[in-house]
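Colleague: Submitted below is the structure of interest, expressed as structure tokens.
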Amino acid sequence: MSVTVEKVDVFFFERPRTTPYLGAGEGEFAIGERYIVREFNGTVYPLTDRSIVVKVTDKHGAVGWGETYGLVAPKAVAAIIQDLLAPYLAMRSFETPEAAWDGLYELQRVRGYWGGYLGDALAALDIAIWDVHARSNGQSLQAALGKGGSGRLEGYVSGIPAPSRQARLDLVREWKAKGFHKVKLPVGHTDNGDVIGEMETLRAGLGDDHEISVDLHWTLTAQETLDLDAALKPIRPWFLEAPTKPEDIEAQRTIARSITAPLAIGEEWRTDWDYRHRLDCCHIIQPEMGHTGITQFARMARLANARGTGILPHATIGLGIFASASLRAALAFGAQGHEFQHTIYTRNAELLDGAAVVEGGYFEIPDTPGHGVTLNGEADNYLTPLVL
Ligand code: MG
């Protein structure tokens, strides 16, 4: 069935939380009541869970839901959709969701709008369009991507927001007791940035069979990364993530050439062009559905599979629509697992009907139509319609 969009409704999702993502951040720089700037890498984060949600209605009255980042300046994304992308979609029909993405991207490609907030706006619409498309064909998203059926993906515990090294080890042990045997330490969840000491404690406390990785949050140079890699060798990290500045392709390539642990990057990418320039710069890609949408996630995943590069999707702050789409796309393309944001995913999944259950270390992904989730009545409490 061709893609025919009649109407796009845009909503701002915002849900308060007692502790901000990545921890309380005492002493860190706050911008008003909304944002905190993390000291370890200068990145701004919201104090609440927030995202942009879109509802697409097609010319047959069928509905699909999409979602993208709304962490900062969410109305910027909404404005791009409402001023340009939604009206354009309503005037056209496309053979496939991929063709719709290409048509929308083409509108401003020669002005150099290749990513950023435009990419996020495309991602939200793309997820909703794929959802309508698959549902209208009576298919799950994974079936629409070529591999139907239910399945499971191993989740790794992301982030260890606890105030001391011992408390962090205890927290990971709690998850281990629940069946999670993989964990990722963010560089900010250490005592004064002592990654080596923290990793040594985790290895000693968790045993040899636990997978332990570290997210370096773009804080190191190439040489510092290689030095850290050498120092961590006895601990056998599962992977090192995002060690250097995301635009510095040459540094990424230098690291990939000599590192002994697998190098994982890619959570900030919007399109397969971001990956095409870095094919030899990583051993694992970490596409983020909230930035890529399904079309670009699929293109990155096909490139990775053709090269034998691992796929381990990123998970971010949100309601969970893009998380559901990500799990299904990950299943379809044979990802080795999926990031599990234990402080976000489960609590916001309560606002959705049909979200994958996480149990015993695995996401259990059903074969229900589309990306599988719709918003329940509870979600309405946290959604505000945005009108240009
Ligand atoms: Mg990361």
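Colleague: Return the residues of the range 207-229 that are more than 15 Å from the ligand (Cβ to nearest atom) and in a helix (DSSP H, G or I); say none if nothing qualifies.
Modeller: Correct list: ALA222, GLN223, GLU224, LEU226, ASP227, LEU228, ASP229.
Colleague: Restricting attention to the range 245-256, which residues are surrounded by 24 or more Cβ atoms within 10 Å (Cβ to Cβ) and within 15 Å of the ligand (Cβ to nearest atom)?
Modeller: Answer for the range 245-256, where residues must be surrounded by 24 or more Cβ atoms within 10 Å (Cβ to Cβ) and within 15 Å of the ligand (Cβ to nearest atom): just GLN252.
Colleague: Among LEU319, LEU303, LEU263, which is touching a Phe, Trp or Tyr at 6+ places or on another chain (Cβ under 8 Å) and closer than 16 Å to ILE127 by Cα?
Modeller: LEU319
Colleague: Shifting gears a bit: Can you pull out the residues in the range 1-46 that are surrounded by 16 or more Cβ atoms within 10 Å (Cβ to Cβ) and among the aromatic types (Phe, Trp, Tyr)?
Modeller: PHE11, PHE12, PHE13, TYR21, TYR35, PHE40, TYR45
Colleague: Could you check how many residues of the range 254-264 are among the β-branched types (Val, Ile, Thr) and not in a helix (DSSP H, G or I)?
Modeller: Matching residues across the range 254-264 total 2.
Colleague: From the list LEU279, LEU319, LEU303, which residue is crowded, with 24+ Cβ neighbours inside 10 Å and at pLDDT 95 or above?
Modeller: LEU319
Colleague: Here's another thing I want to ask about it. Pairs, please: C-beta under 6 Å, at least 6 apart or cross-chain, first residue on the phi > 0 side of the Ramachandran plot and in the range 258-273, second within 15 Å of the ligand (Cβ to nearest atom) and in a loop (DSSP other than H, G, I, E, B)?
Modeller: Listed pairs, sorted by first residue: GLY266/GLN286; GLY266/PRO287.
Colleague: If you check LEU351, LEU383, LEU327, which single one turns out to be touching a residue at least 12 places away in the same chain (Cβ under 8 Å) and within 21 Å of GLY146 (Cβ to Cβ)?
Modeller: Just one listed residue meets the conditions, LEU327.
Colleague: Being surrounded by 22 or more Cβ atoms within 10 Å (Cβ to Cβ) and closer than 30 Å to GLU198 by Cα narrows it down to one residue among VAL132, VAL77, VAL56, VAL157; which is it?
Modeller: Answer to the check: VAL157.
Colleague: Among the candidates ALA143, ALA204, ALA167, single out the residue that is surrounded by fewer than 20 Cβ atoms within 10 Å (Cβ to Cβ), part of a helix (DSSP H, G or I), modelled with pLDDT of 95 or more and under 23 Å from the mean Cα position of the chain (by Cα).
Modeller: Step by step, each of ALA143, ALA204, ALA167 is checked, and only ALA143 is surrounded by fewer than 20 Cβ atoms within 10 Å (Cβ to Cβ), part of a helix (DSSP H, G or I), modelled with pLDDT of 95 or more and under 23 Å from the mean Cα position of the chain (by Cα).
Colleague: Only residues that are touching a residue at least 40 places away in the same chain (Cβ under 8 Å) and within 16 Å of the ligand (Cβ to nearest atom): list them for the range 160-192, please.
Modeller: PRO161, LYS182, LYS184, PRO186, VAL187, GLY188, HIS189 - these are the residues of the range 160-192 that are touching a residue at least 40 places away in the same chain (Cβ under 8 Å) and within 16 Å of the ligand (Cβ to nearest atom).
Colleague: Any residue in the range 81-97 that's over 25 Å from GLY146 (Cα atoms) and touching a residue at least 40 places away in the same chain (Cβ under 8 Å): show its pairings with residues that are among the β-branched types (Val, Ile, Thr) and loosely packed, with under 15 Cβ neighbours inside 10 Å at Cβ separation under 9 Å, as long as the two are six or more apart or on different chains.
Modeller: GLN82/VAL387
Colleague: Within the range 103-117, which residues are under 25 Å from TYR45 (Cα atoms) and assigned to a helix (DSSP H, G or I)? Break it down stepwise before answering.
Modeller: Just the residues of the range 103-117 that are under 25 Å from TYR45 (Cα atoms), to begin with: 113-117.
Result: GLY116, TYR117.
Colleague: Another question, then. As an exercise: evaluate VAL132 against (1) aliphatic (A, V, I, L, M); (2) touching a residue at least 24 places away in the same chain (Cβ under 8 Å); (3) touching a helix residue (DSSP H, G or I) at 6+ places or on another chain (Cβ under 6 Å) and give the number of the one condition it does not meet.
Modeller: (3)
The values are calculated or read from the model by the stated rules, or taken from the named source; none is laboratory data. Keep in mind that this is a model prediction, so the values were computed, not measured. Neighbour counts run over all protein chains shown; Cβ positions are idealised from the backbone, glycine included.
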